[in-house]
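Undergrad: Got a structure for you, questions after.
Only the coordinates and a few stated rules stand behind these numbers; no lab work does. As the structure is a computational prediction, the values presented were derived from the model and not from experiment. Virtual Cβ from ideal backbone geometry, glycine too; neighbours counted across all protein chains shown.
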Amino acid sequence: MIAREQYMKQISDFIDKPVVKVITGMRRCGKSVIMELTKDELKKRGVPEKSIFYVNFESLAHEDLKDYKALYRAVTEAAKASGSRLYIFLDEIQEVASWEKAINSFRVDFDCDIYVTGSNAKLLSGELATLLSGRYVEIRVYPLSFAEYLDFAQSNEDEKSFTKQEHFSNYLRFGGLPGIHQMKWDEERIMQYLTDIYNSVLLNDVIKRNKIRDTALLERIVLYLMDNIGNTFSAKTISDFLKNQGRKLSTETVYTYIKALESAFLMYKVPRFDIKGKRLLETQEKYYIADLGIRHAVIGYRDNDIGGILENVVYLELLRRDWTVNIGKQDVAEVDFVANRTDDRLYVQVCYVLTEDNTEREFLPLETISDHYEKVVLSTDSLMSFNRNGIRQKNIMDFLLQAKDQTS
């Protein structure tokens, strides 16, 4: 297994701390492997195998534990057999009915350290938030960054001969789910794998979990979101579009379905921020997908979508680096991303290539912002980088490969 150092560092900081470690993210993004890596780390620290209790609830072998009382009994037996601190690992915990009660009881009744994973954002809402207020930490896992992608590609014999530019092209086309590197590098196989994951997420994490009956309507909304990556629109825009296709539905229904997709970590809503007015706006947001490979498996890869594709890649990278991200409105102009982190801010424009025709359009919105925060234009241009009125142009691959806290 390849260590995903960003996440392992976060987890290592909380090992043996009195908080429940809640590892969240889209299905197949690597949460289970991070659990395995954490178990390996514990063993390196001298924790015996009998003191580690691990259950993956996607396996039928543990079907009998999908009730919180049965799970509690199993953990009680494991705690007795351990004779010391018990390390509890519960993978895809949302499959257990009323699991929050079991987790809270483990924390109270046993000397234990608890790790859970889940593929639904609702893990951290409702009863869990009430029972464990201040006693859990969320570790959000995303598909591979481009830097991680390069590491994983070296484990696949078919990919070792690719250049960095070829790897980047494949990253844009096939996305960052780790599993694509565990098979023969064949486009048809990869796309089938990604289609299967999409169907699994849609069925298990969206339709079943939210009791959605009109699956055809849900799929139309998903297709609309995928088809409009990088475009601003609202739920009303989708509602009006579907009404023109003969489907009558309310804006509230559209929002309900989109929220279900967000909860499954499949889609991300990015609100607009009025830079001059310093306030969030309630209309004309953008949506990005958790993995571009899934998008292309569903609707196909189109070269003329490259602007939105690059935006999607940069957006996810900003999230990985712990920025809170909005799209920006500067008077009538648009700034692709306004990213905030503690007391810092970063303004980002993303374009495919800079030309005489578009350079003014890309730089001008940033030039009209009067604060001192860093401003950067990212593009695929690689011959030279330049600075215009304090705003740096940077190659997008260089940006993706720089250290998390590097700003120049």
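Undergrad: Consider just the alpha-carbon atoms of the stretch 302-408 and return their Rg together with their Dmax, both in angstrom.
TA: In Å, with Rg to one decimal and Dmax whole: 13.0, 39.
Undergrad: Lysines near Lys184 by alpha-carbon distance under 21 Å, same-chain residues fewer than 8 away left out - which ones?
TA: Partners within reach: Lys160, Lys164.
Undergrad: Under a crude label model (7 Å from the Cα following the beta-carbon direction), how far is Ile2 from Asp371 in nanometres?
TA: Output for this residue pair reads 3.6 nm.
Undergrad: How big is the Cα convex hull of the stretch 5-140 in projection, averaged over all directions, in nm²?
TA: Average projection, Cα convex hull of the stretch 5-140: 7.5 nm².
Undergrad: A further question on this structure: For the pair Glu138 and Lys236, what calculated FRET efficiency results from E = 1/(1 + (r/R0)^6), where r is the Cβ-Cβ distance and R0 = 35 Å, to the nearest 0.05?
TA: Using R0 = 35 Å, I get an efficiency of 0.65.
Undergrad: Set Lys and Arg Cβ to +1 and Asp and Glu Cβ to -1, take the dipole of the chain about its Cα centre, and tell me which of Asn244, Ala297, His167 lies farthest positive.
TA: With unit charges placed on the Cβ atoms, the residue in question is Asn244.
Undergrad: Could you calculate the FRET efficiency of Glu356 with Gln165 from 1/(1 + (r/R0)^6), where r is the beta carbon distance between them and R0 is 35 Å, rounded to 0.05?
TA: 0.90
Undergrad: For the stretch 5-140, build the charge dipole from Cβ charges (+1 Lys, Arg; -1 Asp, Glu) around the Cα centre, then report which of Leu132, Ala121, Ala102 sits farthest towards its positive end.
TA: Of the listed residues, the answer is Leu132.
Undergrad: Under the rule a/c < 1.5 gives rounded, and otherwise a/b versus b/c splits prolate from oblate, where does the stretch 9-88 land using the Cα gyration tensor?
TA: Because a/c hits 1.5 or more and a/b fails to exceed b/c, the stretch 9-88 counts as oblate.
Undergrad: If you stretched the chain out fully between Lys69 and Arg302, how much longer would it get, using 0.36 nm times the residue separation minus the C-alpha to C-alpha distance?
TA: Working it through step by step, the gained length comes to 78.8 nm.
Undergrad: If you don't mind, there's one more thing I want to ask. Using just the helices of the chain, give the 222 nm mean residue ellipticity in deg cm²/dmol: DSSP H runs with n ≥ 4 each add -39,500 (n - 2.57), and the total is spread over all residues, rounded to 500.
TA: Theoretical 222 nm ellipticity from helices: -12000 deg cm²/dmol.
Undergrad: What Kirkwood hydrodynamic radius, in Å, does the chain give when the mean of 1/r is taken over all pairs of distinct Cα atoms and then inverted?
TA: With all distinct Cα pairs of the chain included, I get 23.0 Å.
Undergrad: Dipole magnitude of the stretch 107-252 about its Cα centre, charges +1 at Lys/Arg Cβ and -1 at Asp/Glu Cβ only, in debye to the nearest 20?
TA: In debye, rounded to 20, the stretch 107-252 gives about 800.
Undergrad: Size of the stretch 338-377 along its principal axes in angstrom, Cα-based, largest extent first?
TA: That gives 36, 20, 10 Å along the principal axes, largest extent first.
Undergrad: About its Cα centre, what dipole magnitude does the chain give when the only charges are +1 on Lys and Arg Cβ and -1 on Asp and Glu Cβ, stated in debye to the nearest 20?
TA: 1140
Undergrad: Once you keep just the Cα pairs under 8 angstrom separated by 6 or more residues, what percentage relative contact order results for the stretch 5-140?
TA: Once divided by the residue count of the stretch 5-140, the mean separation gives 38 percent.
Undergrad: Treating only the Cβ of Lys, Arg, Asp and Glu as charged (+1, +1, -1, -1), what charge dipole size does the stretch 302-408 show about its Cα centre? Round to the nearest 20 debye.
TA: 300
Undergrad: For Thr380, Thr342, Thr368, what ranking results if the residue with the fewest other Cβ atoms within 10 Å of its Cβ goes first?
TA: The fewest-first ordering by Cβ neighbours comes to Thr342, Thr368, Thr380.
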